[in-house]
Amino acid sequence: MTPPRRRRRYPEEQLPPPPPPPLPDSPPDSPEAAAPGNRKEVERLYILTGTGAGDGERAPIDLVTLIVARAEPPPSAAPEQSALLRICQAPLSVAEISAYLDLPFSVVTVLLTDLLAAELAQARAPLVKQARADRSLLEAVMHGLQKL
Amino acid sequence: MDFKSSDTVTGPLPEDHLPHTAETAVKIVIVGGFGVGKTTMVGSVSEIKPLTTEETMTQAGIGVDDNYGSDTKTATTVAMDFGRISITEQLVLYLFGTPGQERFWFLWNGLFEGALGAVVLLDTRRLEVSFDVIGRLEEKGVPFVVAVNDFPDAPRHPVEDLRQALDLAPEIPIVTCDARRRAASRDVLMTLLRFLHALATAKARA
Ligand SMILES: Nc1nc2c(ncn2[C@@H]2O[C@H](COP(=O)(O)OP(=O)(O)OP(=O)(O)O)[C@@H](O)[C@H]2O)c(=O)[nH]1
Ligand SMILES: [Mg+2]
């Protein structure tokens, strides 16, 4: 039986040379696959995302940012915020907060932005953006998986 | 927003608490078509019962509605399962299982950004549902490996036929697995990690 066939696509960003210029507000869904040219295959695998457009302005809250409460909820806190602080006695990822509160990720982000600003909650070292290139981190993960 | 009253919200069970030393978390995204075994794979390696997170997107946001700004925009909620593996006292790995046939996953800011990489779960009975997601990973430069889920009634293609059908670069690993088995799912993740490590090593040399 012959399986159906796919055509390979290529990264939207043009590389080399790095670094890609920060484009102001590039559309989230740019046109399909930039012309591949004859770029070497291997190179396209290294391209990092998340270092480009607008990144500095976005709140540094990722799905896996770990959040810990720093204080009791003040009486003035919204019920959602009190609940959030209550479940974050131990570190909890934003994704888990969203799951337990049953609120969309973006809503949790808004709640958190206030709580972080008021220093009622703390965000642990945010995700390493260059994680993909960090070999010691990858080795630590491999070591942990081996023990599973 | 319809919020449950604050005291009815139950947080994690005590045994699901992360240690206070936990400070860094990384993520891997598991993408695949409908019913291909994403939840099964997340669940088989996760130390917590898989949870669900969701995001709300407007039609305009998913690029279907041309009347941007009109009040006929409708919101779509997309949900995904995730699980967790504590790597060390400081480091935690999260696994997100996302239905890959939905193109708007790629508009969820930060889902793929910052991810270590992705696993494409493949059902050989419906290969073509994975075409778009593979293309999008390529476009976004997200490194990935391909895991073929071992369903009893699925056609078995030799790996090199699959590679050709999927037009995958020769270095991209293709493995088979039974997502119901923890060891098999763990091995898929190890394959991804070894691949990422090789990429990082090659990059360091360049
Ligand atoms: N034989 C076999 N069955 C599997 C495997 N992985 C999953 N299944 C079964 O396939 C069914 C669907 O698996 P799910 O994990 O729910 O798939 P999913 O991708 O999360 O599905 P949706 O979220 O609905 O898109 C379940 O009944 C699983 O038990 C596998 O590796 N081998
Ligand atoms: Mg599922």
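Taken together, the values in this text are just the output of simple stated rules run on the coordinates, not laboratory data. Owing to the predicted nature of the structure, the values given are computational and were not obtained by experimental measurement. Backbone-built Cβ (ideal geometry, glycine too); neighbour counts: all protein chains shown.
Listed values, structure above:
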| item | result |
| --- | --- |
| Exercise: per-residue mean of other protein chain Cβ atoms within 10 Å, B:14-20 | 3 |
| Footprinting exposure proxy for A:E96, B:E54, B:E160 (fewest neighbouring C-beta atoms within 10 Å first) | B:E160, B:E54, A:E96 |
| Mean shadow area of the range B:24-205 over all directions, Cα convex hull, nm² | 12.0 nm² |
| For A:S82, A:S76, order by how many other beta-carbon atoms lie within 10 Å, fewest first | A:S76, A:S82 |
| Relative contact order of the range B:24-205, pairs being alpha-carbon contacts under 8 Å that are 6 or more residues apart, as % | 26 percent |
